[in-house]
Amino acid sequence: MDRIRVRFAPSPTGMLHIGGARTALFNWLFARNQQGSFILRIEDTDRERSTNEAVQAIMAGLRWLGLDWDEGPDVGGEHGPYFQSERLDLYQAAASALAQSGAAYPCFCTPEELAAKREQARREGRPPRYDGQCRNLTPEEVEREKANGHRFVLRLRVPQEGQTTVCDLVRGDVTFDNVVIDDFIIIKSDGMPTYNFACVVDDYHMQVTHVLRAEEHLSNTPKQIMVAQALGWESPTFAHVPMILAPDRSKLSKRHGATSVEEFREQGFLPEAIINYLALLGWSPGEDREIMPLEQIVKEFSLERVATTAAIYDVKKLTWINGHYIRALDLERIMAAAEPFINGEPGLVKLIKKDPGGKDRLRAIIAAVRDRVKTLAEIPDAISYFYRDDFAYEEKGYRKYLAQEEALALLQKVYDVLSTVTDFTMENTEAAFRSLIAALDVKGGVLIHPTRVAITGRTFGPGLFDVMALLGKKKTLARLARAINELAN
């Protein structure tokens with residue numbers, strides 16, 4: 001079998017969308033599983049909307065996700081260039097061949113004429129399609145139109161009968177009646193190729209063997225097969241993967257939350273979590289697994305296990321997976337990933353720099369809180385009370401645990417007991433606490449909850465004894481004294 005060659009071919013008109021990232025991932029996984037090649041091609045023939053900023057954002061998003069390309073921009077390869085705007089000579093050559101063979105013809109209909117015909121079709125309840133007005137112009141008529149300076153497009157002469165079948169590795173054979181496909185444009189009046197033409201030319205010259213893309217492109221596929229047939233080329237093998245829909249089964253949009261890879265990055269998601277989540281969005285390993293490292297996904301990935309039904313976007317599940325990776329990955333990796341978010345809080349950074357415990361203490365604090373956070377963006381807040389002594393008490397926690405009549409006396413007892421602990425370790429503070437609990441003959445929560453609120457301002461966080469050991473004796477007692485003083489007055 002020939003070496004597998006797949007491509008991801010985004011249009012650079014915006015950020016890398018989560019749907020595009022899933023398409024890129026499936027192509028990358030298929031290539032890696034089959035020891036094939038993954039090509040990045042930038043389809044930038046839409047000159048009005050394509051931007052270099054979008055190109056850079058797409059490539060940065062792919063790199064951040066860990067999806068490297070074997071051929072493409074910044075990498076090169078034998079089948080470049082990898083920007084469609086630099087391949088215009090190939091499109092013109094193919095278009096000329098089609099025109100000379102009669103498989104394509106110039107159309108001089110103006111945009112206004114075409115719009116009027118679409119409106120008439122709408123009024124009559126007919127689907128809007130080109131009526132073939134220029135399909136049978138004589139060579140003399142064509143030359144006369146050109147001599148008069150009339151602009152024209154080039155249309156493919158679509159068979160008016162028969163069928164075109166897409167042999168799809170995910171959906172099986174999908175057949176289209178040719179009569180419902182009009183003579184579509186392959187070269188626009190400004191000389192630029194259309195999508196359904198350029199991608200066929202590129203896939204042929206880049207020797208692409210498989211085209212994996214979203215099912216929304218399925219309706220384009222018979223047109224692309226027609227172009228290839230008219231040029232005498234063999235089409236690649238197609239596989240159309242399910243769309244990603246919002247929880248209400250509508251098209252995914254901004255109203256459903258983050259939709260681009262960059263947005264997820266800015267919100268504190270890890271690339272490992274996004275890759276894990278996207279891989280399971282429309283593909284199944286064959287059993288109920290939610291956490292899969294990339295190397296395992298590569299090993300098990302196959303198109304046979306790609307679903308035919310739409311995948312439902314679930315940010316709660318992604319967040320849960322992200323929390324798993326924050327807990328499971330190497331601590332140094334988490335510290336490095338959290339650094340930009342911490343640096344976004346200048347006041348906190350200043351306190352961290354002044355802290356005598358330095359990086360070692362910061363590492364220990366992040367190790368303590370990472371079990372309780374689900375995104376990197378939550379880490380600055382989760383570590384802040386270790387450095388800030390002027391925190392406010394959570395209103396709910398204050399009412400429930402500090403505003404009670406017995407709270408003052410209980411905190412005073414805790415203060416007195418902890419004052420006697422010389423080596424302020426987690427084990428020693430816990431032992432002192434347990435002794436006090438036994439002496440008072442109360443449940444542990446009676447002491448633990450008000451103490452936590454007093455020294456952190458919160459009802460939720462790492463284990464209380466871990467927190468006290470990280471704060472140290474001086475800070476722990478000072479915060480208890482602050483709460484006692486406030487309650488006494």
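The values are calculated or read from the model by the stated rules, or taken from the named source; none is laboratory data. Please read these numbers as outputs of a predicted model, since none were measured by experiment. All Cβ positions, even for glycine, are placed from backbone atoms using ideal geometry, and neighbour counts span all protein chains on display. With ligands, DNA and RNA removed, areas are computed over all heavy atoms of the protein, side chains included. Shrake-Rupley method; radii C 1.70, N 1.55, O 1.52, S 1.80 Å.
Descriptive notes on the structure:
- Degrees, to the nearest 10: 18-33 long Cα axis against longest axis of the chain: 80
- For the chain, average projected area of the Cα convex hull in nm²: 31.7
- In range of the label at Lys413: residues from region 450-489 whose backbone nitrogen is under 14 Å from the point 7 Å along Cα→Cβ: 450-451
- A simple spin-label model places pseudo-atoms 7 Å from Cα toward Cβ; at Arg47 and Lys299 they are separated by 5.1 nm.
- Seen from Ile39, the other residues with C-beta closer than 11 Å to its C-beta sum to a net charge of -2, counting Lys and Arg as +1 and Asp and Glu as -1.
- For the chain, accessible area per residue (1.4 Å probe, heavy atoms of protein chains only), Å²: 49
- Computed extension length for Asp330-Lys400: 21.5 nm, one decimal, from 0.36 nm per residue of separation with the Cα-Cα distance subtracted.
- In region 418-484, the chymotrypsin sites (Phe, Trp or Tyr not before Pro) that fall in loop regions by DSSP, at most 12 other Cβ within 10 Å: Phe460
- Cα-projected label distance for Phe460 with Thr165, points at 7 Å along beta-carbon direction, nm: 5.7
- Helical mean residue ellipticity (222 nm; -39500 (n - 2.57) per DSSP H run of 4+; nearest 500) of the chain: -14500 deg cm²/dmol
- Across the chain, the longest run free of exposed loop sites, meaning GluC sites (Glu not before Pro) lying outside DSSP classes H, G, I, E and B with no more than 15 other Cβ atoms within 10 Å, spans 291-404.
- Note on the chain: with neighbouring protein chains present and a 1.4 Å probe, carbon and sulfur make up 50 percent of its accessible heavy-atom surface.
- Residues of region 210-246 with amide N under 15 Å of the 7 Å Cα→Cβ point at Arg3: 210
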